[in-house]
Amino acid sequence: MNESKLVCTNLVKAYGSKEVLHSINLELERGKIYGFIGRNGAGKTTLLSVASGQNPATSGNITVDGMPVWENQDARDLICFSRELSPMNGNGANTTKVKDYLKAAATYMPNFDKAYADELVNAFGLDTKKRISKLSKGMMSMVTIIVALASKAEFTFLDEPVAGLDIVAREKFYKILLDEFAATGRTFVISTHIIEEAADVFEEVIIIDQGNILLTKNTNDLIESVVHISGKEEEIDSLIADRTVYNTEKIGRSKGATIALKDGEEELDTKGYDVSVQPMNLQQIFVAMCGREA
Amino acid sequence: MNTGGKEDDEMNEILTQEKSIYLQISEMIENDILRDIILEEERVPSTNELAKLYTINPATAAKGVNILVENGTLYKKRGIGMFVSGGAKEAIKKRRKEEFYDNYVRTLIEEAKGLGISKEELLTMIKEA
């Protein structure tokens, strides 16, 4: 099982004439926690639903352990994409009780761990007698998280799991996640807009922008390979001339630039220049890469 | 920084965003050794314990611990965990003294230069500090 991988090859998804995922190539290895970040509308949820076989691809392949995922129960059993709950369903208010929702999840997920689900219900202090339509946003997030974790699926996707949670519950979620990860080595893909507090949890980070994967990289390596430099405009221009520049900003004579170090370069050589070099955190790097005005 | 007192208050520094997390992990373990919070031949927290305590990926915690294994501060007892080597405290002090020039003195002199502080003024400041 340690060799298992989830692979998307030239994956395209279009709705009518609108292409939302452009030839995605992505490889998820077992035993890693991936952070999946992108702006609203970048294609995060679409990619997760197509990669988990809940939604057909327009073209391209998705395989897990070499098996195609689409309409293949054996492959789909290895993947769980626990979707955000909605207070409404097709018939109006979603009046399903939480405990019935969890029971249903247990019947269609082959490895669902009922005892672990109960443990998580207690950990989050969730009232399972409540109807979904009556839950707060935070409680709905908890139900989604509980289903995802208790699914025990090899590849587990969580789409904005902490969006409705307060800071204490978010911290609790990440600790529970790390516990489960330490115990099982399952692969998790977690999308979030609250980047900085989760950055250290992610071994790898996947950045998606306008339907394209910008990068998949070890989080530490990414942070160490991007710096911000600032100083007099001429000096900055000369320093960044032959480099990958993600973003620049200017005020008066001063200029700042977010740049990538070259492979094997440990720090920027600024000898002969009077400039400041500062490290950047994941959130700042993300904004520099994806923050251009549309 | 160290509020001291309790038996279990090891590793109580908090992570900052100034420096790579794995470097901070290895420095925090070193600090605890320097302050006798973790003694030589004692077990240090496991990678998973560190991961949960600081809410960080276990691979990052392992990277921090491995720096200390590679430089001999910690050693591995198979199946039990990581332990502080004998003589580690002295070795850490020695290494930090060597790094003191690069980490502190050089930046001090650079900043002084930028401000036009003369060597004599700087020496007076250090003597009076």
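Every number in this text was worked out from the coordinates using simple rules, so none of it is lab data. This structure is a prediction, so every number in the text was calculated from the model and none was measured. Ideal geometry is used to build each Cβ from the backbone, glycine not excepted, and the neighbour counts take in all protein chains shown.
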### Query
So what is the relative contact order for chain A, in percent, with contacts set as C-alpha pairs under 8 Å and at least six apart?
19
### Summary
Amide H contacts under 5 Å for A:Val12, restricted to residues at least 5 apart in sequence or on another chain and with H modeled in the peptide plane, are A:Ser23, A:Ile24, A:Thr58, A:Ser59, A:Gly60
### Message
Suppose only helical runs count, i.e. DSSP H with n ≥ 4. What mean residue ellipticity at 222 nm does that imply for the protein assembly as shown under -39500 (n - 2.57) per run, divided by all residues and rounded to the nearest 500 deg cm²/dmol?
### Response
-11000 deg cm²/dmol
### Query
For the stretch A:190-260, what Kirkwood radius comes out of the mean inverse Cα-Cα distance, in Å?
13.9
### Task
Please work out how much length the chain gains when fully extended from B:Val105 to B:Tyr75, using 0.36 nm per residue of separation minus the C-alpha to C-alpha distance, in nm with one decimal.
7.6 nm
### Query
So for the stretch A:64-169, what are the equivalent ellipsoid semi-axes in whole Å, largest first, each being the square root of 5 times an eigenvalue of the Cα gyration tensor?
24, 15, 14
## Note on the structure
Taking only the Cα positions of the stretch B:88-129, the convex hull volume per residue in Å³ is 71
### Summary
For the table B:Lys94/B:Lys119; A:Lys217/B:Lys52; B:Lys89/B:Lys127; A:Lys134/A:Lys175; A:Lys172/B:Lys52; A:Lys44/A:Lys99, the rows whose alpha-carbon distance is greater than 20 Å are B:Lys94/B:Lys119; A:Lys217/B:Lys52; B:Lys89/B:Lys127; A:Lys134/A:Lys175; A:Lys44/A:Lys99
### Query
For the stretch A:96-144, what does the alpha-carbon gyration tensor say about shape, rounded, prolate or oblate, given a ≥ b ≥ c as the root eigenvalues, a/c under 1.5 as rounded, and a/b over b/c as prolate?
oblate
### Task
In square nanometres and to one decimal, what's the mean projected area of the convex hull around the Cα atoms of the stretch A:1-147?
10.2
### Message
Please list 3J(HN,Hα) in residue order for the stretch A:146-161, calculated via the Karplus relation 6.51 cos²θ - 1.76 cosθ + 1.60 where θ = phi - 60°; whole Hz, with x for glycine and proline.
### Response
4, 4, 4, 5, 6, 4, 6, 6, 4, 10, 10, 9, 10, 9, 6, x
### Summary
Row for chain A, column shape: gyration tensor on C-alpha, a ≥ b ≥ c, rounded if a/c < 1.5 i.e. under 1.5, prolate if a/b over b/c, else oblate; value prolate
### Query
Using θ = phi - 60° and the Karplus form 6.51 cos²θ - 1.76 cosθ + 1.60, what ³J(HN,Hα) does each residue of the stretch A:185-197 get, whole Hz, x for Gly and Pro?
x, 5, 8, 10, 10, 10, 8, 7, 9, 9, 6, 5, 6
### Query
For chain B, what class follows from the C-alpha gyration tensor (a ≥ b ≥ c being the square roots of its eigenvalues): rounded when a/c is under 1.5, otherwise prolate if a/b is larger than b/c, else oblate?
prolate
### Task
Give me the Debye-computed log₁₀ of I(q)/I(0) at q = 0.15, 0.16, 0.24, 0.25 Å⁻¹ for the stretch B:40-95, equal point scatterers on Cα only, no solvent, two decimals.
-0.42, -0.48, -0.95, -1.00
### Task
Report the calculated FRET efficiency for A:Asp263 and B:Ser20 (r = Cβ-Cβ distance, R0 = 30 Å), to the nearest 0.05.
0.95
### Message
Which three extents, in angstrom, do the Cα atoms of the stretch A:1-44 have along their principal axes, listed largest first?
### Response
39, 21, 11
